[in-house]
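Worksheet: one structure, shown below.
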Amino acid sequence: MEIVSISLKDYKNVKQFYTKITDHLKKKRIFQWDRFYPNRFVIKDDIKKGNLYGIFEEDQLVAAITLDANGSKRYEQVKWEDFNGYPLIVHRLAVHPYYQGKGFGKILLGFAEESARKNKHTSIRFDVFSENPVAVRLYEKAGYVERGEIHFPFRKAPYKCFEKTVANHINS
């Protein structure tokens with residue numbers, strides 16, 4: 001299974017992917033995403049910067065992750081363990097509803113961890129909607145530690161902030 005960098009030619013596929021996931025979350029009464037987020041500007045920015053990666057099966061995007069070093073300003077209020085390091089930030093890790101429960105989320109987390117090691121990051125950080133128990137459980141099982149919560153405008157529930165240090169695993 002190959003994880004590839006997503007290009008602008010895949011934009012329409014990516015937009016449909018996020019729409020499907022947003023609709024699926026709404027049906028499950030999980031209101032973390034909506035028509036305003038993730039939007040076309042966020043998606044195109046991820047693609048143009050080369051930060052969006054995905055797994056395709058027969059031209060269908062089945063899982064995606066965005067990786068960069070840009071944490072939310074709200075992260076400043078979180079008590080991270082890797083306080084002075086160089087964290088890799090995970091954004092919008094998502095799996096198409098038809099492919100959930102098949103290990104794709106775990107594969108993407110492994111990709112993020114390998115990317116962190118290769119690029120000399122000292123930790124991995126992200127936030128996850130507190131009312132998405134499947135996602136929270138995935139991260140906890142993968143060894144990520146909750147470091148605090150943050151709030152975003154127009155979201156009724158907080159987002160849990162997770163971190164895993166990788167400094168001890170870097171091969172020099």
Among K27, K48, K73, which is charged (D, E, K, R) and within 18 Å of A157 (Cβ to Cβ)? K27
Residue count, the stretch 30-41, condition within 15 Å of the chain's Cα centre (by Cα) and either buried (at least 18 other Cβ atoms within 10 Å of the Cβ) or touching a residue at least 12 places away in the same chain (Cβ under 8 Å) (or both), comes to 3
Residues in the stretch 49-66: is at least one assigned to a helix (DSSP H, G or I) and without any contact (Cβ under 8 Å) to a residue 12 or more places away in the chain? no
Which of the residues that make up the stretch 8-52 are touching a helix residue (DSSP H, G or I) at 6+ places or on another chain (Cβ under 8 Å) and charged (D, E, K, R)? D10, K15, K20, D34, R35, R40, K44, K48
Whichever residue in the stretch 131-161 is in a loop (DSSP other than H, G, I, E, B) and within 14 Å of the chain's Cα centre (by Cα) and, among such residues, is surrounded by the fewest Cβ atoms within 10 Å (Cβ to Cβ): A142
Take the stretch 1-29 and flag every residue that is part of a helix (DSSP H, G or I) and loosely packed, with under 13 Cβ neighbours inside 10 Å. L8, K9, K12, D23, K27
Every residue from the stretch 96-114 that is outside any helix (DSSP H, G or I), touching a Phe, Trp or Tyr at 6+ places or on another chain (Cβ under 9 Å) and over 20 Å from F129 (Cα atoms): none
What about G101, is it farther than 22 Å from P158 by Cβ, in contact with a helix residue (DSSP H, G or I) (Cβ under 7 Å, 6 or more places away or on another chain) and at pLDDT below 95? no
Return a yes/no flag: does the stretch 87-95 have any residue that is within 14 Å of the chain's Cα centre (by Cα), in a strand (DSSP E or B), surrounded by 15 or more Cβ atoms within 10 Å (Cβ to Cβ) and among the charged types (D, E, K, R). yes
Starting from the stretch 1-27, take each residue that is of a type in the set (K, R) and list its partners that are in a loop (DSSP other than H, G, I, E, B), counting only C-beta distances under 7 angstrom and pairs at least six apart or across chains. K20/H96
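The values are calculated or read from the model by the stated rules, or taken from the named source; none is laboratory data. Quick caveat: nothing in here was measured; it's all calculated off a predicted structure. Note that we place each Cβ from the backbone using ideal geometry, even for glycine, and neighbour counts take in every protein chain shown.
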